[in-house]
Amino acid sequence: MSGAGEKREVWSRYLVSIDSRDVDGHGRCRPSALLGHLQEAATLAAEEGGFGRDWMLKENRAFWMLSRMWFHLDRPLSWGEQLTIQTWHRGGKSALMYRDFDLLVDGAPVGEAVSAWVLADLDSHKLLRLSSIPCLENTTGGSRCKDRLLRKLRMPQDMEKTERRRMRYSDTDINAHVNNTRYADFACDALGLEQLPRDRFLTEMQLDYLMECRPGETLELYTGGADGERFVSGMDDAGKIRFEVQLNFGNINS
């Protein structure tokens with residue numbers, strides 16, 4: 001971990017490879033794979049900062065939940081590239097903690113990301129104020145912190161049901177519910193991104209996680225929007241929205 005200025009100004013750097021497991025038919029990093037790398041960087045940074053999953057469960061009977069995630073790419077990430085992820089959090093005063101990311105390849109910026117996290121009680125799932133966690137006090141990314149806030153997405157009125165999808169074992173993670181990254185796959189599948197022309201790419205995505213899903217549950221996926229801006233939402237059999245996604249597309253500069 002590196003620091004700048006005051007000792008409580010902290011940030012972390014991680015180097016990851018975009019390998020064959022991450023890419024699609026065009027050899028570009030899938031959104032879910034990028035989200036996986038960002039989530040792993042956030043997990044490692046929390047561990048280094050002393051407020052990781054195991055410590056939080058043991059000392060506070062609480063766990064981190066990802067509430068919203070956004071990223072922007074200037075260009076696609078390609079198979080074989082070495083991606084540097086720089087990350088820091090914005091402090092821990094309210095119930096919501098932002099974590100920012102800068103993305104670089106060969107030292108040059110290629111994108112950025114912002115995530116919003118909440119801390120929930122293990123037994124009641126009630127949200128806790130971050131001020132109750134002493135190790136978060138006065139820690140921040142300092143001058144690196146971004147200004148972007150992740151507002152609730154506004155879905156179009158004319159969403160159409162596209163498919164029905166059952167949650168399975170392969171969707172799950174260590175918490176026994178559907179992994180956060182899988183919702184990006186659900187959205188991309190619902191929009192048929194395998195048909196995206198080679199000169200187009202996903203420039204921006206925001207995911208809002210509203211309710212967790214578990215194996216055996218089924219979601220109806222609704223899509224809407226125009227070509228440059230698409231939306232996907234997942235609704236359960238009781239009519240409750242479990243997740244919402246906004247995707248923006250652009251042209252690759254020649």
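Remarks
- Any hit, segment 113-136, residues being in contact (Cβ under 8 Å) with a residue 60 or more places away in the chain, surrounded by 18 or more Cβ atoms within 10 Å (Cβ to Cβ) and not in a strand (DSSP E or B): yes
- Residues satisfying the stated conditions in segment 192-220, i.e. of a type in the set (A, V, I, L, M) and open to solvent by 30 Å² or more (accessible area, probe 1.4 Å): L193, L196, L210, M211
- Condition check for W55 on (1) touching a strand residue (DSSP E or B) at 6+ places or on another chain (Cβ under 8 Å); (2) surrounded by fewer than 20 Cβ atoms within 10 Å (Cβ to Cβ); (3) among the aromatic types (F, W, Y): one failure, at (1).
- Just one of the numbered conditions (1) buried (at least 18 other Cβ atoms within 10 Å of the Cβ); (2) farther than 17 Å from W55 by Cβ is not true of A108: (1).
- Qualifying residue in segment 168-187 (condition: under 24 Å from I252 (Cα atoms) and open to solvent by 20 Å² or more (accessible area, probe 1.4 Å)): yes
- Filter result for the condition that a residue is in contact with a Phe, Trp or Tyr (Cβ under 6 Å, 6 or more places away or on another chain) and at positive phi, over G225, G216: G225
- Top-ranked residue of segment 221-236 - restricted to ones that are in a loop (DSSP other than H, G, I, E, B) and charged (D, E, K, R), ranked as surrounded by the most Cβ atoms within 10 Å (Cβ to Cβ): D236
The values are calculated or read from the model by the stated rules, or taken from the named source; none is laboratory data. Values in this document were obtained by computation on a predicted structure and should not be read as measured data. Cβ atoms come from the backbone with ideal geometry, glycine included; neighbour counts cover every protein chain shown. Heavy atoms of the whole protein, side chains included, go into the accessibility calculation; ligands, DNA and RNA do not. Shrake-Rupley method; radii C 1.70, N 1.55, O 1.52, S 1.80 Å.
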